[in-house]
Structures are given as structure tokens and as C-alpha cells.
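Worksheet for the structure shown next.
The values are calculated or read from the model by the stated rules, or taken from the named source; none is laboratory data. Bear in mind the structure is a predicted one, so any value in this text is a computation, not a measurement. When we count neighbours, we look across all protein chains shown, and the Cβ atoms used for this are built from the backbone with ideal geometry, even at glycine.
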């Protein structure tokens, strides 16, 4: 999806959760995870014993421009090293563990992390290697498990997909985008008077054309027309367009157009 | 993330939204989108003029086993053909359009689609080509635009990532996983009596060891200990483990262990 606008101010959450990739195998997957992080404003990448070493050339193209996150990545030998400055760590895994430990949805985890970060605490999300996932010894010191509710018969999520879901929920937990809005752009919604003008115009022409000739059914037909046309919440420009449409239909385009059309027809 | 359990029943939403990929370029991206669909129970894949034709061998490995979705994919020449049986279609895009059209968050869109599907209607989600995104003429006939709130300075989402976010929200909108729970596995939470036994044991040994010798501070110290130990919500097994730990610390392991250790020390 296109849409990056470098003139817009970045929304970065530098105190947001660290994304800790344990034993990641492919540089490409690290790059994709980083792209997802940066989409949602996260910048603290920590790599625990990446299989192919670090830096890894395959990460850069997949990060699609989120180079600043890759450049600031920190590499650790063990998970314990990677989490030592963090107050709360959550382990992402789909696999049931032989452990009595709270399991959170990504949404709940995001809400909990937001509160912790707002209180000045440092938090992190732990992700395991592509195939095997996290080991029990990596999960044990974590506060809780985060597990994505999904189709249990096909529950294997790609590493970058797991990162995107958690980063997405983190961002949404603090985002104030209205769940629905209609941008007006350069337009102005039509006023009641303008809409009424449209209705009067349309109904006048329809009376003329015999469409509303049944007096008994007329009030219902008019009400239905007004209802369906109101639902679209036309702008002033759109009301002008529609009045042009009605005029064209009612007059066949007017005598000049008819003459022009007839002339074209002769040429053809 | 590992975790697929083929013994679990699949959760499939055969009436869930059709995923319509317009002009997708890489088979690998189609495969990844399909993997994400199937993770969240979606099965209706529609391809509009895929750049490299169809079937595309590169899709299968990336789908990671969601072959049934790929095999049932339908191919169309135009977007209009692909949506002709659908009642509601939503266009996913990050780009502002020169159109007065409602913009929904993925979460809101998922809620709206759930309601429509519950009412027997057919719905679809439209995704554009990897680089360019949807054209205005594809967006125009849609009910609304779906846009993911994200870092506006880095808003380019990978095609498969966009599919995973929408499919995820669709699934969550009807999912009843509790936002937080602690599986008890084969264990039983400790009873109040068992916890009290643990406290009594610990406090008795601490009295013995002089840790609680300040009578004035003792009630606070005891209360703090009980509070911190209650917070972990121990199981019966864990209470037994902890009582073993207290015993070992208090006795140094007991006379037999001391003898054994001394013997080892001599050997070493």
C-alpha cells in the first residue's frame, strides 16, 4: 500500500516496547519486522544471537526505508542480557506451555504496556525463531504470554506478521483516530436549503414527466426519494452536479445540443 | 511462531469477507496474504488481473500450507467482475483520496462487516498492487475506505501485512477469547489454608533466624511478605515446592546433606 508522506511528522514512540527477536534466522524477516515496527512508531530493536550474524545485508531491502531502526539495533548473546534493563517482558507464542502463567490477547497486552510506559517503566516483547518459536527457558522469566486468537488448526504465524500485530495493537492503544469519519476535503456539505432545492427541482421534473402522476402514491414516492438522496450526504458541488444531471435528462440536453447531435448524426 | 495443532478443529468463516487482490505483482505476496487469511479463518480469495498470471508457483511455499485457499482462488479480469456478487466492499488504502467517502479504522470496519455478514450479506475487502495501491476508479464504487492508523511519516504497509491486519480484526470482532486468563493446566490453586500454612512455616523459621526480631516492625514485615507472596497466586504444587525451599534454607539441607556435602568437599 502506497501512502508514505515524508512531509508528515513522524510519530515515534521511543519509550515504546523493545522488540526482541531471539535467534531470528533470516535477515529478510528481521527487515520485515523492522518495517512493521517503524510503521507503528517503534524504534528499539534487540537481536539475541541472530543465526546469520549482524549486520545482515538481507535485512536492509526488506526494511523498505526503516534504516534508522536497523542501524540502531543492539545485539546480545543471551535473552537475559537483552532484557536486563526492562521492567516488564511479554513472550509472544501460540504454543501452550507447561507453565502456570497469564495469557493475554495482543490488545490487552498493548493496554497493559501503555500503562506501564506511561508510568515510566521499560517494557519489551519477546519473539522466537521463525520455525521453533521461543524456548521455555526464554518464556519463564517473562511477566506473561501474549497469544493471538486465531484459527487453531492453522496457527503458525510468520515472524514479521506477529511483530506487525503486536506493534499495531501498541499503536492503536494510544491512537485517537476516530473509528469513522468522512473528510470534507475542499468541499462543504449541502445545506438544508440546497437539498430542498434539489428535491423541488427533481420532483417538479418528475411531475412534468408523469413519473409522479399517481396522486395517492405520490407522497410515499417523494418520501422514499428524499430519504435515499439524503443518505448520501451530498456536498454543495454534488448538488450542483445532480441538478445538471436532472436538467440534462429532462430537456434532452436542450435545443442546441439536439441540433449539434443531429448534425453529428448526419456526418456519421 | 510455531503452534499449529492439526488435531484442533479449524475455525473457518466461509461467509467472511472476500479478500480481493487487485493487480498483485508477486506470487510470494499472494501466498503470504493467503497464509494470513487462513490464520484468521478466511477462505474466499479473489485475484483481479494478477501481474504474473495464475496459478503462480511462487504463491504455494509462501502460503505455508494454506493450499486450500490458493486452490479455490478465483481470477477476474476487472474489479467490477470480482465484486459483482458482493453487497458491501471496503477499499484498503493509506493514501488520501480526492473523494468524499467515509474512512474507517480496521476495527470499525471489522465490526461493520460482522454485522452485515450476520445479516446474510456478502462483503469484501479490496487491496491494491504492492507499489501503487488502489486506483481511484477501484475505490469509487466501494462503501468506504479502510485506513490503518500508523506513523504518517512511514505509512507504506506491505500487502501481506495489510491483509493480516484486516483479517486479524475480522477474527477478533467475533472472538471470545478472554483478554487475560491463567491456564491452571493439571494444577490446582492453593487454598487459603495451604497459603496460611506456607506463611506460618516461613514466619516461624524467620522468627527462629532472627529476621523478625524487631517486635514493633514485625507486623508490617509480615504483612508485606504475605502480600508479595499472595500476588503470585501459587498452586498447591508450588506451595509444596516453597515449603521445601524454606526447609532447605532453614536447616542447611539437614544433617545428612551436611555430612554428604562435607564428604564431597573432602574428595574435591
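Residue B:71 is checked against (1) within 27 Å of the chain's Cα centre (by Cα); (2) assigned by TED's automatic domain parsing to the domain that holds residue B:136; (3) in contact (Cβ under 8 Å) with a residue 24 or more places away in the chain; (4) over 30 Å from residue A:24 (Cα atoms) and fails just one. What number does that condition carry?
Against the list (1) within 27 Å of the chain's Cα centre (by Cα); (2) assigned by TED's automatic domain parsing to the domain that holds residue B:136; (3) in contact (Cβ under 8 Å) with a residue 24 or more places away in the chain; (4) over 30 Å from residue A:24 (Cα atoms), residue B:71 comes up short only on (3).
Looking at segment B:49-96 only, could you name the residues that are touching a helix residue (DSSP H, G or I) at 6+ places or on another chain (Cβ under 6 Å) and more than 26 Å from residue A:158 (Cβ to Cβ)?
Scanning segment B:49-96 gives B:76, B:79, B:88.
Being surrounded by 14 or more Cβ atoms within 10 Å (Cβ to Cβ) and either part of a helix (DSSP H, G or I) or within 11 Å of chain B (Cβ to nearest Cβ) (or both) is the filter here, so list the residues in segment A:68-80 that pass it.
A:68, A:69, A:70, A:79
Does any residue of segment A:48-55 turn out to be surrounded by 22 or more Cβ atoms within 10 Å (Cβ to Cβ) and either touching a strand residue (DSSP E or B) at 6+ places or on another chain (Cβ under 6 Å) or not in a loop (DSSP other than H, G, I, E, B) (or both)?
Yes, because at least one residue in segment A:48-55 is surrounded by 22 or more Cβ atoms within 10 Å (Cβ to Cβ) and either touching a strand residue (DSSP E or B) at 6+ places or on another chain (Cβ under 6 Å) or not in a loop (DSSP other than H, G, I, E, B) (or both).
Take the residues in segment B:16-42 that are under 20 Å from residue A:165 (Cβ atoms) and in a loop (DSSP other than H, G, I, E, B); name whichever of them is farthest from the other protein chains (Cβ to nearest Cβ).
For segment B:16-42, the residue satisfying everything is B:17.
Would you be able to say whether some residue in segment A:25-34 is over 21 Å from residue A:157 (Cβ atoms) and surrounded by fewer than 24 Cβ atoms within 10 Å (Cβ to Cβ)?
No - not one qualifying residue is present in segment A:25-34.
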